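A short write-up of the structure that comes next.
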Amino acid sequence: SLSLDSSCFSSPPVNFLQELPSYRSIARKRTTIPSRDKQSDTLLKPTDSYSSQLEGGITENLNSQSIRKYALNISEKRRLRDIQETQMKYLSEWDQWKRYSSKSWKRFLEKAREMASHLELWREDIRSIEGKFGTGIQSYFSFLRFLVLLNLVIFLIIFLLVLLPILLTEYKITNSSFVLIPSKDKDIQCTIYPISSSGLIYFYSYIVDLLSGTGFLEETCLFYGHYTIDGVQFQNFTYDLPLAYLLSTIAYLTLSLLWIVKRSVEGFKINLIRSEEHFQSYCNKIFAGWDFCITNRSMADLKHSSLRYELRADLEEERIRQKIAERTSEETIKIYSLRLFLNCIVLAVLGACFYAIYTATIFSQEHMKKEIDKMVFGENLLILYLPSIVITLANFITPMIFARIIQYEDYSPGFEIRLTILRCVFMRLATICVLVFTLGSKITSCDNYSCELCGYNQKLYPCWETQVGQEMYKLMIFDLIIILAVTLFVDFPRKLLVTYCPSSKLIQCWGQQEFAIPDNVLGIVYGQTICWIGAFFSPLLPAIATLKFIIIFYVKEMSLIYTCRPSPRQFRASNSNFFFLLVLLIGLCLAIIPLTISMARIPSSKGCGPFTNFNTTWDVVPKTVSTFPSSLQSLVHGITSEAFAVPFFMIICLIMFYFIALAGAHKRVVVQLREQLSLESRDKRYLIQKLTEAQREMRNRLD
């Protein structure tokens, strides 16, 4: 190594540093844009020492920041710790106590987080999956764990608000009694609710009841009709069960919304920051695209092929962008006409699926009231599960049709995947809404007599909430049966054929089943949407969903390890988490729509449930408000009036515009930081060039 002194440079240090590309760029911007000089009077000089600035900033923030957070070596951290201890001597005893207590509290929180991480559900299993198959597949199982915890919390909310007071009274644990619903001016015909017929019970009727939620299950706390009481009278107060039932529904929907939004914000921030230029995208894939969690050789090869696929996809997107730029007006009209025609085909497929679900639901509802002894075992189950079977077939067939159609629309590979997934999301979630709205149309329509007496079709649906809950229960059970059946009777034999029949070209072309992350995510989001809709009509459905997702976790883990192979189109963990939560948020919004309509528009059943004395479920809220003191009633009426709503809406709009402007400012800062990184790389090249020239001159002088 050669030692250099300042004499090696022909110019003074300040003039030399002013030759840096970053300094010249800043000076050029300040000369070309003089208006910006008014905002900041001083120009950052290149002679400013970065280390001195860092040290000054650290010493100023020693009181609020931990030294461990700074990227410094051990000697610097020890020196800063000595400075911190020296500063402590000049503080008062009260300030010293606050400093020590703050440190102790932070240390306690760190230990608590470390202990909580060891209690995390499926921690070792998910880490093993991450090490063998990468972060993309690991994010799917983490998402599945999140849904297990979400459904468990939803069940606890419903259990504490609805089930616990009833169980305490029913089993005489507390000194309480049931408050029966007072009989008001109701027609006796509307209160008739025949639950089950007595007499000879066939041996297979219990299996039918277990799979469909009818018979003995209909009388349990699994369904809405079991809660036909007005409240629970404790020693000092009366527990209002109708209000608690409604509040539990609002609480679990609100909790789900806030939890999903909170988890999706971080993924949105990462995706916002990663909206880089295409050149930066190539560099990130080449220099920072490797997943260092992978420890398996086959998964390393798969990651190599995935990176090659991503680069090919980026190059293909660049080619399509150039093709679009060079496209003539005649070609543009032709491709848009083709896309319009293909989208009409997509809408026709969706319409046919929705009509099939509507027809199957109508047929099932009209024939499910036959006596069980008039039909055989298989026929009865087929009638009961006909809507579920049609929905499952639609969810299985339509993705293949959409994948075939998208090939002729001439989109980029990335947009093809997103559009196909969007169509499949709409298909899966809209089928549930079609089923619920079909049931709603049957509930509120009468064939041969008027519905004005009860407000709904009491003859066919004496307790329509329970029957809607039974439909959601059947969808949940049938979805679990399909997942287990496909894994055991399709994926496992397929793996055996591929392994033990290597000479068959047809079987080898068929290959192993791919573990496609988007398809599996759509499946569990479909199940979660069923749970959100059905939890109002079947309060124990979240507990069933929790058990279902636990079973799915172990089944999918075994399937991934032994029968499936990972898809070559892998997802990054950050992109996957944001995509999963976005789809889940869409499912939640679609679940809120039918729930809101059923609670606010459809009359509640008069023969079962806690809302028999209310026209609709929402009527319990005005009744509760009427029991408040007059001042509180005036406050509630004022908050819900137009005089409050209009200014509140304007304030919300102003806040929204403020955050939009703030987001724009942050995005500009990100752009400036990227420019600064680019300038720093140019500075490094410039300094290396100067250093090389100086070393060459030194060698020439020595020679």
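Report yes if residue 610 is in the same structural domain as residue 163 (by the TED database) and modelled with pLDDT of 85 or more, otherwise no.
Considered against the rule, which asks whether it is in the same structural domain as residue 163 (by the TED database) and modelled with pLDDT of 85 or more, residue 610 comes out as yes.
Looking at (1) open to solvent by 40 Å² or more (accessible area, probe 1.4 Å); (2) at pLDDT below 80, which is the one condition that is false for residue 176?
Of (1) open to solvent by 40 Å² or more (accessible area, probe 1.4 Å); (2) at pLDDT below 80, only one is false for residue 176: (1).
Considering segment 93-111 alone, what residues qualify as being open to solvent by 60 Å² or more (accessible area, probe 1.4 Å) and without any contact (Cβ under 8 Å) to a residue 40 or more places away in the chain?
93, 94, 97, 98, 100, 103, 104, 105, 107, 108, 110, 111 - these are the residues of segment 93-111 that are open to solvent by 60 Å² or more (accessible area, probe 1.4 Å) and without any contact (Cβ under 8 Å) to a residue 40 or more places away in the chain.
Return the only residue of 406, 417 being in contact (Cβ under 8 Å) with a residue 12 or more places away in the chain, of a type outside the set (S, T, N, Q) and open to solvent by 40 Å² or more (accessible area, probe 1.4 Å).
Just one listed residue meets the conditions, 417.
Can you give me the ranges of the helices (runs of 4 or more DSSP H) entirely in segment 610-703 with at least 1 residues that are more than 30 Å from residue 244 (Cα to Cα)?
Per the criteria, 642-702.
Assuming residue 412 fulfils every condition listed in (1) buried (at least 16 other Cβ atoms within 10 Å of the Cβ); (2) at pLDDT 80 or above apart from one, which condition is it?
Every condition holds for residue 412 apart from (2).
Which numbered condition in (1) within 25 Å of the chain's Cα centre (by Cα); (2) closer than 25 Å to residue 214 by Cβ is the only one that residue 382 fails?
(1)
Going through 484, 439 one at a time, which residue ends up being part of a helix (DSSP H, G or I), touching a helix residue (DSSP H, G or I) at 6+ places or on another chain (Cβ under 7 Å), touching a residue at least 40 places away in the same chain (Cβ under 8 Å) and buried (at least 21 other Cβ atoms within 10 Å of the Cβ)?
Matching residue, one of 484, 439: 439.
The rows are residues; the columns are (1) aliphatic (A, V, I, L, M); (2) open to solvent by less than 20 Å² (accessible area, probe 1.4 Å).
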residue: 444; (1), (2): no, no
residue: 456; (1), (2): no, yes
residue: 472; (1), (2): yes, yes
residue: 492; (1), (2): no, no
residue: 495; (1), (2): no, no
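The values are calculated or read from the model by the stated rules, or taken from the named source; none is laboratory data. None of these values were measured; they are calculated from a predicted model. Glycine also receives a Cβ, built like all others from the backbone with ideal geometry; neighbour counts cover every protein chain displayed. These accessible areas exclude ligands, DNA and RNA; they are computed on the full protein's heavy atoms, side chains included. Shrake-Rupley method; radii C 1.70, N 1.55, O 1.52, S 1.80 Å.
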